[in-house]
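S.K.: Take a look at this one; I'll ask things after.
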Amino acid sequence: MSIVTRFAPSPTGYLHLGHACSALIAWRRARAAGGRFLLRIEDIDPARCRPEFARAIEEDLAWLGLDWDGPVRVQSAHLPEYRAVLQALEARGLLYPCFCTRADIQREILEAAAAPHAPDGSAMYPGTCRHLSGAERVRRIDAGERYALRLDMARALACVTGPLTFEEEGEGAIPCAPERFGDVVLARKDAPASYHLCVTHDDAVQGVTLVTRGEDLKPATDLHRLLQALMGFPPPRYAHHPLLTDAMGRRLAKRDQAMTLRSLREQGATPAEIQRRGWLDITP
Ligand code: GLU
């Protein structure tokens, strides 16, 4: 089977050296095997994403010497597809509307004796709206209250037969525990679909066979594996790589303006230097 990899940045800022590493890993894996390398712009969050950053991503990658196969997939151009996936899950009774505000959830959690946390550090949703009656849901929706859609984790797990695992290169089958995320949001009040839903759907429709990405996203793979199982998508293999860090050992972030490809380029760095540096720094 031919290998298909992808680089899937969110256009919330300029690409930095850490992104360059991630992109290079995916690109090299595909090119070394005569496979395909895809570029996807994950701009599903209208509050954080900007079109000028999406344009800059393409420019910076091209400057770095990377090429991609086929057209760039831009998530905001595929909203009806995500809506259809949400409707299919809803029709199976696996989603419910959640009217809670952040403050509501915080209050409930403070009142609870012990509040469990999801792997991403956020407090787990206490399930308030899961218990609303059908009539109450209809009344609040008809009254114009805004709502998110949450996955009913217990029901979702009941749909899956057998143990869930994902295939991590060099480690083999890793057991998944998506229940650690609780009832996750799959469509936010202010964004049409969540990262977890879109990434799972897009990797499947784009035929991605190997997902290479930073190890910060490894815990989320448990959830992605559950969504793949629910939607009948073939699971890709995964290769999570260490994150590039600064001299203090902190992972690179938007605050590190000096490490963006743009400013490295202004400082006189060449694509060849960045390719060498980016690759070596995170190769174990
Ligand atoms: N869009 C995500 C990010 O920029 C990456 C998604 C992925 O590689 O699965 O962090």
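S.K.: Expressed as a whole percentage, what fraction of the accessible surface of segment 191-276 belongs to carbon and sulfur atoms when a 1.4 Å probe is rolled over the protein heavy atoms?
M.R.: Values: 2000 of 3630 Å².
Carbon with sulfur: 55 percent of the solvent-accessible area.
S.K.: Give me the angle, in degrees from 0 to 90, between the Cα long axis of helix 51-64 and the longest principal axis of the Cα atoms of the chain, rounded to the nearest 10.
M.R.: 30
S.K.: On to the next question. Can you give me the solvent accessible area of Ser22 with a 1.4 Å probe, rounded to the nearest 10 Å²?
M.R.: Solvent-accessible area, nearest 10 Å²: 20 Å².
S.K.: Now, a different point. Can you pull out the cysteines in the chain that have no other Cys Cβ under 4.7 Å?
M.R.: Cys21, Cys49, Cys100, Cys159, Cys176, Cys198
S.K.: Here's another thing I want to ask about it. About the Cα centre of the chain, how large is the charge dipole given +1 on each Lys and Arg Cβ and -1 on each Asp and Glu Cβ? Please answer in debye to the nearest 20.
M.R.: Working: 36 positive and 36 negative charges, 37 e Å.
Charge dipole of the chain: 180 debye, to the nearest 20.
S.K.: Report the Cα-based extents of the chain along its three principal axes, largest first, to the nearest Å.
M.R.: Result, largest extent first: 63, 39, 37 Å.
S.K.: What does the extension gain come out to for Ala91 and Ala135, with contour length at 0.36 nm per residue minus their alpha carbon separation?
M.R.: Between Ala91 and Ala135, full extension yields an extra 14.2 nm.
S.K.: Can you give the extra length, in nm with one decimal, that the chain gains between Ala269 and Arg102 once fully stretched, where that is 0.36 nm per residue apart less the Cα-Cα distance?
M.R.: Separation in residues times 0.36 nm, less the Cα-Cα distance, equals 55.7 nm.
S.K.: I want the antiparallel fraction of DSSP beta bridges within segment 132-284, as a percent rounded to 5.
M.R.: Just about 55 percent of them are antiparallel.
S.K.: 222 nm [θ] for the chain, helices only, -39500 (n - 2.57) per DSSP H run of 4+, per residue, to 500?
M.R.: -11500 deg cm²/dmol
S.K.: Still on this structure, please answer the following. Could you check what % of the DSSP bridge pairs in the chain are antiparallel, to the nearest 5?
M.R.: Details: 13 of 25 bridges.
In the chain, approximately 50 percent of DSSP beta bridges are antiparallel ones.
S.K.: Run the numbers on the chain and let me know its relative contact order in percent, using alpha-carbon pairs under 8 Å that are six or more apart.
M.R.: 25
S.K.: Something else: I need the peptides 220-228, 39-47 ranked by packing, meaning the mean over residues of other C-beta atoms within 10 angstrom, with the highest value on top.
M.R.: Result, highest mean Cβ count within 10 Å first: 220-228, 39-47.
S.K.: Something else about it: May I ask you to compute the full-extension gain from Ala115 to Arg237, defined as 0.36 nm times their residue separation minus their alpha-carbon distance, rounded to one decimal in nm?
M.R.: The Ala115-Arg237 span can extend by a further 40.6 nm.
S.K.: Next question, about the same structure. Taking the 0 to 90 degree range and rounding to the nearest ten, how far is the long axis of helix 195-205 tilted relative to the main principal axis of the chain, both from C-alpha atoms?
M.R.: 70
The values are calculated or read from the model by the stated rules, or taken from the named source; none is laboratory data. Every value quoted in this text rests on a predicted model; they were computed, and no experiment measured them. Methodologically, a virtual Cβ is constructed for each residue, glycine included, from the backbone with ideal geometry; neighbour enumeration extends over all protein chains shown. Ligands, DNA and RNA are excluded from the accessible area calculation, which covers all protein heavy atoms including side chains. Shrake-Rupley method; radii C 1.70, N 1.55, O 1.52, S 1.80 Å.
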